[in-house]
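First the structure, in the form of structure tokens, and then the observations on it.
The values are calculated or read from the model by the stated rules, or taken from the named source; none is laboratory data. All figures in this text were calculated on a predicted structure; none of them were measured in a lab. Reconstructed Cβ throughout: ideal geometry from the backbone, glycine too, with neighbour counts over all protein chains shown. When the accessible area is computed, the model is the full protein with side chains, heavy atoms only, and any ligands, DNA or RNA have been set aside. Shrake-Rupley method; radii C 1.70, N 1.55, O 1.52, S 1.80 Å.
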Amino acid sequence: MLGIGIDTGGTCTDAVIFDSKSRKILSWAKTLTTKNDLKIGILEAMRGLDDELLHKAEYIALSTTLATNACVEDKGGRAKLVFIGLDPRAVTMMKGTYGLPEISDIYFLDCKLDISDRKATPPDWDKFREDVRRDFREYDSVALVQINPQLNGGMFEIQAEEIIKEETGALCVRGYDLFQEINVQKRGATALLNARLMPLVMEFFDSIEASMKEMGLDLNIYVMKSDGTVMGKEYALRRPVETLLCGPAASIRGAMELTDADDGLVIDMGGTTSDVALIRNGRPISSDGVKVGQWRTMVKGVDIDTFALGGDTGVLLKDNDIILDNRRVIPISILAHDHPKVISGLEEIIRKFYSFPLKDGLFIVLIKRPEDISGYSQKEQQIIRFLEEGPLSYLQLSDRMGISHHFFDLRRLEDEGIIMRSGVTPTDAMHLKGDYTEYSAEAAELGVRYLTMQTRMGRDKIVQKIYDMVIFRLYKNLLHLELQYEMGNDYREEDKATVEKLALNILKHYREGTAQEFIIPRTISKCRLIGAGAPTGIFLGDTAALMETDYQVSEYSKVANAVGAAAGDIITEYTALIHMDQKGDYLVPGDEGIEVFGSYERALERAKEIAVKKAEERARMQSQEGGLKTDVEVKEDFFRLPAGDRMLVETRVIASVQIII
């Protein structure tokens, strides 16, 4: 079966055609991401694939940063959170912990749900209906989250949904339908975020379907989840929160697919950041609660360590030397490729170097024009208007504004994503080394020449130093990650500076080919390094040598994210819980409420039945085709009493169902 994999990253959009039977990549394409309209970049990438194979594909699988960006930028549909049975004072006490809105923006539906006597007293539904009719019409969606939903199978969430749909027609998200864990506020944050994302993901799917129609394709659509599996379109429309970290998850899944690796550290270096994940026994180490921006959720995801390092990381001048920034800038080679006039601008910068030395970049680019610029200062408005003509060097913008570039204040415009700087980056150094030559090597040469004038270092020394700064940042972060896994909380923040000094010493002698005089420090890793992402392979060999381990980089690592999306399995999960009450009975939440058992073995048997049934139902929501492969995992938490007996704290029964097509 042939499938199309698409990944829309911060810098590039990748596409592959993948044969799911032979596990081979048959065609691939890469283009720049069009941030203002993702569809444009997706269409361009798809048009770069083999057309005959494209029209033989039976499905398309997507990896997108849509949900992540919405969290970070605080965007999304207008959504209302309704807590059922929760005391507002509890939210006030935990303010700021999960990303919940202000108390005044939450609706609290009063009722009694007492877990001790297992009684549920319903809310005043007539009053709720009146409030919904009066106050809820402005919302696109509503998140309904009931405290202790196991008492009645989340029945109050279901009844509240019926009223809202009758009165306003708004989309509803039921917290207990999403996740069964007890923490009501965390479930509330997850449900609210899911509700905010629903209109965005509907719009995204509309654009994907329009793109496919334009290309004469009619395919099943799947989306990568944060845990490295995929879900069908209809399921994703109901649970878009599951896509929060699907980009990094896709790269990890793709790297594993391309290298057949069962153990190691997967490193995905993109344009802006590097993502690292540990895999053991063929599966990435996972986290039970994805965190993005202010949001703390119940979404299960790959446990990923992210740091600022990519092909587009800016190279800055400091004290007649160069340093690696944390921010992304547009590589000067890419800017000149898209805007040839940049070359003459660079030549002007070099000619006027002694009169106008620059520190923070070479060019400024307008990324998006705000709909309303009246809230910006007069100088900021001028900058926006001048940049609408196209990218300008600091000197060119200075001439147009009639003031020195030293008086520019670009921080707010840059922080809000209105503009971006362009300058020398590792991508430009790659062009001069010959490791990557897609764009303008002439612009890269001019940019580095400017750095040589500022630092009085030779051209080759500048290029090599940029490489070494990338290698060092990658090396030290991998050491930190492995030591954190090895030592846990014993590896403290103050230890990092010592490790970094040692790592810098090792790199220095490695690069110079000299031996230490008194002591030979070494870092020997037992983890193989596995590369994903376009630039990773260029730097991974030296990093592996410093860590005295081996490494693997596939020829298709540059499109690993798209491969991961296309190769992802359809897997669904459901978790059933067992608790013990004060009488010593075992409680298992069922569809109609809590089921009580005098025997732990019988309770465990029933929890397995419920988990498997629910997981299989979720699987069939995604596809009616294929067989089902079911696995059940039991996680028991017992407290050992002084007399040697055990008391149950909680048992989690996790059923995992894979669709085999």
The chain - charge dipole about Cα centre, Lys and Arg +1 at Cβ, Asp and Glu -1, debye rounded to 20: 1080 debye
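How far, in nm, would the chain grow between residue 416 and residue 23 when pulled straight, counting 0.36 nm per residue and subtracting the alpha carbon separation?
Extending this stretch completely gives an extra 137.3 nm.
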Straight-distance crosslink candidates among lysines, where the alpha carbon sits under 17 Å from residue 526 and sequence neighbours closer than 8 are dropped: 476
0 to 90° range, to nearest 10: angle between helix 125-135 axis and the chain longest Cα axis: 30 degrees
Where Cα atoms sit under 30 Å apart: lysine pairs in region 1-144 separated by 8 or more or lying on different chains: 25
Rounded if a/c under 1.5, otherwise prolate or oblate - the chain, Cα gyration tensor axes: prolate
Centre separation in Å (Cα based) which lies between region 564-629 and region 86-134: 27 Å
Residues in region 513-546 reached by a label modelled at residue 263 [backbone nitrogen below 16 Å; 7 Å Cα→Cβ]: 524-530
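Helix-only estimate, please: 222 nm mean residue ellipticity of the chain, summing -39500 (n - 2.57) across DSSP H runs of length 4 or more and dividing by its residues, to the nearest 500.
Value at 222 nm, helices only, nearest 500: -12000 deg cm²/dmol.
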Derived scalar couplings ³J(HN,Hα) [region 362-374; Karplus, 6.51 cos²θ - 1.76 cosθ + 1.60; whole Hz; x for Gly, Pro]: 10, 10, 10, 10, 7, 8, 8, 8, x, 4, 10, 9, 5
Calculated from backbone phi, Karplus (6.51, -1.76, 1.60) coupling profile of region 175-187 in Hz, x at Gly/Pro: x, 6, 6, 6, 9, 9, 5, 6, 4, 6, 6, 5, 5
Solvent exposure of region 575-632 as accessible area per residue, Å², 1.4 Å probe: 53 Å²
Degrees between helix 459-487 axis and first principal axis of the chain (Cα, 0 to 90, nearest 10): 20 degrees
Computed lengthening from residue 209 to residue 524, 0.36 nm per intervening residue step minus Cα-Cα distance: 108.5 nm
Packing-based ranking, highest mean first, of 29-39, 99-109 given that Cβ atoms within 10 Å are counted: 29-39, 99-109
Label point at residue 620 placed 7 Å out along Cα→Cβ; residues across region 632-661 whose backbone nitrogen lies under 18 Å: 655-661
Helix axis angle, 441-455 relative to the chain longest principal axis, alpha carbon, degrees: 80 degrees
Dipole-positive endmost among 171, 432, 537 within the chain (Cβ charges, Cα centre): 432
Separation in nanometres of the label points that stand 7 Å from Cα toward Cβ, at residue 599 and residue 234: 3.9 nm
Centroid-to-centroid separation of region 235-290 and region 6-39 [C-alpha atoms, Å]: 16 Å
Surface accessible to a 1.4 Å probe, residue 430 within the full protein complex, Å²: 10 Å²
Mean Cβ count within 10 Å, highest first, over the residues of peptides 470-480, 414-424: 470-480, 414-424
Percent of Cα-Cα distances greater than 16 Å, calculated over region 500-542: 52 percent
Fully extended contour minus Cα-Cα distance, from residue 281 to residue 517, at 0.36 nm per residue: 80.9 nm
Modelled FRET efficiency - R0 35 Å, residue 461 with residue 484, Cβ distances, 0.05 increments: 0.55
Positive-end extreme of charge dipole, region 439-508 - chosen from 450, 463, 475 (charges on Cβ): 450
Distance from region 58-82 to region 168-188 (C-alpha centre basis), Å: 17 Å
For the chain, with +1 on Lys and Arg beta carbons and -1 on Asp and Glu, the positive-most of 642, 190, 252 along the dipole: 252
1.4 Å probe accessible area per residue over region 442-529, in Å²: 59 Å²
Label point distance in nm, residue 112-residue 138, each placed 7 Å from Cα along Cα→Cβ: 3.5 nm
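Show 388, 203, 371 ordered by accessible area, largest first, where the area counts protein heavy atoms only and the probe is 1.4 Å.
371, 203, 388
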Cα shape, region 383-429, gyration tensor, a/c 1.5 rule: prolate
Distance (nanometres) between label positions extended 7 Å along Cα→Cβ at residue 369 and residue 437: 3.9 nm
Calculated FRET efficiency for the pair residue 401/residue 92, C-beta based, R₀ 60 Å, to 0.05: 0.80
Assigned charges on the beta-carbon of Lys, Arg, Asp, Glu; region 232-383 dipole about Cα centre (debye): 460 debye
Nearest-20 debye value, region 27-125 charge dipole, Cβ charges on Lys, Arg, Asp, Glu: 160 debye
Pairwise FRET efficiency - residue 166 versus residue 74, Cβ, R0 = 25 Å, nearest 0.05: 0.20
Whole-Hz couplings from phi, Karplus 6.51/-1.76/1.60, listed for region 648-661; x for Gly and Pro: 5, 8, 6, 10, 10, 9, 10, 9, 10, 10, 9, 8, 9, 10
The chain - percent of accessible surface contributed by carbon and sulfur, probe 1.4 Å: 47 percent
Per-peptide average of other Cβ atoms within 10 Å, ordering 132-145, 173-186 highest first: 173-186, 132-145
